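Bear in mind that the values in this text are calculations on the coordinates, not laboratory data. On a predicted model such as this, the values are computed, not experimentally measured, just so you know. No Cβ is skipped: glycine too gets one built from the backbone with ideal geometry, and neighbour counts run over all protein chains shown.
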Amino acid sequence: MTGKERAAFRAAANSLNAIQQIGHGGISDEFIKNTDAALTARELIKMKVLETSPVSAREAAEQLASTLEAEIIQVIGKCFVLYRKNPDK
C-alpha cells in the first residue's frame, strides 16, 4: 500500500465511528469472527480499546491484522483503523 492510499484511508476514517470495542474479555474467537464480517462488509473499520482491556491498541491492531490478513491504517491512542479489500466490490 502506498503512502497516498494510506493517507486517503486515514482521511476517510476520521468520520467513522468505532464499530466494536475491545474490553476486559480481550480478543476472542467470536470477536475475530465479527471483525472479519465487518471488514468484508465495509472494508475500512475503526475500533476502540477500553481501559479494562488486557491488550493495547497497537497489540490488538497487530493481532487482528495478522489473523484477518488486513492492513493497519493507523493507531491513535485507544483507537485503530483496519482495512481489507473486498474482492467482490
If unit charges are put on Cβ atoms (+1 for Lys and Arg, -1 for Asp and Glu) and the dipole of the chain is taken about its Cα centre, the option from Ala38, Ala57, Gln74 lying farthest towards the positive end turns out to be Gln74
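Given 37 °C and 0.692 mPa s, how large is the Stokes-Einstein diffusion coefficient of the range 34-89 in µm²/s, with Rh as the Kirkwood radius over Cα pairs? Mind showing how you got there, number by number?
Values: Rh = 11.3 Å.
Using the Kirkwood radius from Cα pairs, D works out to 290 µm²/s.
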For Lys4, the lysines lying under 20 Å Cα to Cα, once residues fewer than eight places off in the same chain are dropped, come out as Lys46, Lys85
Residue separation between Lys85 and Arg42 times 0.36 nm, minus their alpha-carbon distance, gives in nm 14.6 nm
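Taking the Cβ of Ala65 as the center, what net charge do the other residues with Cβ under 13 Å away carry, scoring Lys and Arg +1 and Asp and Glu -1?
In short, -3.
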Percent antiparallel among DSSP beta bridges confined to the chain, nearest 5, equals 75
Log entry: pair-distance distribution for the range 1-49, C-alpha pairs binned every 5 Å from zero, whole % per bin is 5, 18, 25, 22, 16, 10, 4, 0
Nearest 10, in degrees from 0 to 90: the angle of helix 57-68 to the longest Cα principal axis of the chain is 70
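Counting pairs of alpha carbon atoms under 8 Å apart in space and at least six apart in sequence, what relative contact order in percent does the range 1-82 give? Can you show the working numbers first?
Numbers: 108 pairs, mean separation 26.5, N = 82.
Across the range 1-82, relative contact order equals 32 percent.
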